[in-house]
Amino acid sequence: MKSTKHAKSLLALAIATAPMAFVANAEEQSFFLEEIVVTAQKREESLGDVPIALSAFSDSFIKKTKINDVKQLVRFTPGLSGESKDSFLDSLSVRGISTNSFGIGGDSSVGIYRDGVYYGRNGASMSSFYDVERVEVLKGPQGLLFGRNAASGAIHTITAKPNMDITEGYVRAGAGERGRVQTEFAYNQLLAEGWAMRVAGIHSEEDGFVENQYNGEDLIDHNRDALRVSIKNEGDWGDVTLTAEYEDREQSPTVYIGQDDNGNLISGDDRKANSDWEGKDEAEVTGITLTANIELSDDMTLTSITGYNKHKWSYSEDWDGTPFHIAGYTQEQSGEYFSQEVRLNIDFNEDLIGYIGASVYQENISSLIRNQTGDVSWLFAMPGPLVLDETNDSDGDYSGWAIYGDMTYQLTEKMDISLGMRYTYDEKEIEVATLGNGFLWDFITPTGIKSKQDWNDLSPRATLRYFTESDMMIFASVTEGYKAGGFGTDGLTDFDPLSLGGSGLPGAGAAVPDYEPESVRSYEIGAKGDLAEGRVKFGLSAYYYDYQDMQQTIIETGTIRVENIGQVDGYGVELDLRAALNANWDVFMGVAWSDTDADDIPLDVCAETSGSVCEGNRLPFNPEWSVSGGVNTHYPMSGGEVFAGLDFSWQSGTYSSLDNAKLSRVDSAGFVNLRAGWNSDQDWSVSFYVENLFDKESFDASSYDGDLGLHYKAGPSLPRTAGVDFTYNFSM
């Protein structure tokens, strides 16, 4: 089996320090790209041997391109889109599939993991990148690779673990325009025989760049602090690592800028807003992970991943985009999550390898949402004053378990087949208490309303790999993904609507409405390989998926509900390319084309808000084209080397809602970043950079409210920003 035969050689390969790193052979004057080693299939494998559409990013690349969190991976990942500047996951999309249900009653369609542990909640997922080994982005359903299912794709951050061979570390400091300051460090200390500890941390702050004309303050600023401590013990029996981390994040929420019926900004400027509501996006996230790898024999390894994380998130925004006190939204959320995964990797013989696993999770989460206004009597043409204040208090208790396995059999010397299956059981209990007035919520619950529901699913995967004579890998796969059902925490069944002059009180049959799971069946073919004697590496894939029972939020005045609607056909092609042009120049590029087509969508889904229909429309946050790439160069000189790099990203226009209305369209946008500097032989480096070199303007989203007649754009882009970074590496 190829993966088995090459396992030892792969382990000897260093993980690439940039996505296009290369090695030069001085005697032969040749050069080739290093292999990137990933663990996407729970074994260390070359990126080119993994039959999954996968993008991998090293710590060095993340630092060079100044990627700060999960959402910013959008810039360089074909098939990933929906970058925004807040702590919500709703815009993040893999191949067009995003999270269309809000509130704590549902789950994210995109799985977010750190060291194998699920971080899937708004407010908890957007932790800072620092001292990571690499980040892997897996596209398509991922039911067999993590303890928690991922319906559309997965983003997995692997943090740097203690080095058992040397005491070492680094210090990095940077400064830039608008008060930008960032410091990062890591220190690795050898302890007793077989023991080591690693400590890493980061501080980042930056002033805002959007002028709030309402009070003169600057918006879209941030202040973040994070610390991680890891202790590792290693012996002949295997290894165990305990990691504890904490992050305190303060930043601006989504910033909305009003637009008129023709899409023109009311403020007349992309970076001028009129927010009358004090905004915030503050989170504290704590995580503890215990990972053990026990070598039971030469052919059998037992892995245990125990994870616990908790978060406290406070969010507030002025979502109407005007200075008229129409709507101020706040959300206070807290949650705890515990999971246990056990997996057994087995090499049965030269022709058969696989793994079996089981996992359980328990989650407790609560959320208090409030919508408030100033005097809005003018908005409803009625005598005033009219001040609206509504609250929705939800508490969830969720649990579940899964068993799964995957076996790979060598059919011939060049071909193997993998078959896997996952059974998942999810159970949710919710309690909701609402004090509405007919604006967002049309009912009042004197006491909490409780509901309970459970779901289960069987998700298969089949993959066929073939290695050509030149070691190009060609693969085909069929995979099913599943996302559990949930509860529409903003709704209620059997009540007397306030909007019709009723009491708003629940009846005897009142319950929190539930909705069914959604599913994705994906078909994919692809190829990965080397060209030009190892100087070019590529990954090419084409896919089709059938997306059923999409969970969709539908908003009306007095009613917010979640329904399973319709079916979506998705098609796409993705390309990753890396090339070493010579010993001093290298390039990389990613290209994605995507098309999505929604069918059997009920007329009222879009007609209620925009008067349009959804039939045949594209999914939101799904660009037809996205292109990214870059070029790097370095030249040795006395005492070190000079280096320079340029990277770019561009995507075509998208829609922010399923109705594909004109006012929900976000125009195409492209950005160019430049850096240059010096790497000294004395273990230090300095680099100068400019982000958004041509000061291009864009937005993350564009939307409207048909009932209130409000239109706005959201999330203005970062302006041109220059700065400098200094790094010192040390070892003892």
With +1 assigned to the C-beta of every Lys and Arg and -1 to the C-beta of every Asp and Glu, and no other charges, what is the dipole magnitude of segment 209-361 about the Cα centre in debye, to the nearest 20?
320
Simple spin-label model, 7 Å along Cα-to-Cβ: Trp678 to Thr183 in nm?
2.4
Can you give me the long-range amide H partners of Leu710? Hydrogens built in the peptide plane at 1.01 Å from N, cutoff under 5 Å, separation of 5 or more residues or another chain.
Asp705
For the ranges 96-105, 272-281, what's the packing order if you count other beta-carbon atoms within 10 Å of each residue, average per peptide, and put the highest first?
96-105, 272-281
What does the highest-first list of 479-492, 60-73 look like by mean Cβ count within 10 Å?
479-492, 60-73
Can you pull the three principal axis extents for the Cα set of segment 561-673, in Å, largest first?
70, 24, 21
Is segment 106-264 best put as rounded, prolate or oblate by its Cα gyration tensor, with a ≥ b ≥ c the root eigenvalues, rounded for a/c under 1.5, and otherwise prolate when a/b is larger than b/c, oblate when not?
oblate
Under a crude label model (7 Å from the Cα following the beta-carbon direction), how far is Glu350 from Glu427 in nanometres?
4.9
A chain fully extended from Leu500 to Asn456 at 0.36 nm per residue, minus the present Cα-Cα distance, gains in nm 12.0 nm
State to the nearest 20 debye the size of the charge dipole of segment 2-731 about its Cα centre, where the only charges are +1 on K and R beta carbons and -1 on D and E beta carbons.
1260
Working out 0.36 nm times the residue gap between Leu435 and Ser668, then minus their Cα-Cα distance, what length gain in nm do you get to one decimal?
79.8 nm
How far, in nm, would the chain grow between Phe380 and Asp261 when pulled straight, counting 0.36 nm per residue and subtracting the alpha carbon separation?
40.9 nm
Quick query: amide H of Ala53 versus all other amide H atoms, modeled in the peptide plane; which residues come in under 5 Å with a sequence gap of 5 or more or a different chain?
Lys139
Give me the net charge of Tyr315's neighbourhood, meaning all other residues with Cβ under 14 Å from the Cβ of Tyr315; Lys, Arg count +1, Asp, Glu -1.
-4
Which lysines have a Cα lying under 17 Å from the Cα of Lys232, excluding residues fewer than 8 positions away in the same chain?
Lys161
Charges on Cβ only, +1 for Lys and Arg, -1 for Asp and Glu, centred on the Cα centroid of the chain; of Gly354, Met637, Phe730, which one is farthest towards the dipole's positive end?
Met637
Cα-Cα P(r), segment 313-403, percent of pairs per 10 Å interval
14, 24, 19, 15, 12, 9, 5, 2, 0
Students often get this wrong: which residues of segment 435-468 have the backbone nitrogen under 14 Å from the point 7 angstrom along Cα-to-C-beta of Leu411?
462-468
Report Rg(Cα)/(2.2 N^0.38 Å) for segment 2-731, keeping two decimals.
0.96
Which lysines have a Cα less than 18 Å from the Cα of Lys450, not counting those fewer than 8 places away in the same chain?
Lys428
Pop out the ³J(HN,Hα) list for segment 646-652 in order, Karplus 6.51 cos²θ - 1.76 cosθ + 1.60 with θ = phi - 60°, rounded to Hz; leave Gly and Pro as x.
9, 10, 9, 8, 8, 9, 6
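Taken together, the values in this text are just the output of simple stated rules run on the coordinates, not laboratory data. All values derive from a computational prediction rather than experimental measurement. Note that we place each Cβ from the backbone using ideal geometry, even for glycine, and neighbour counts take in every protein chain shown.
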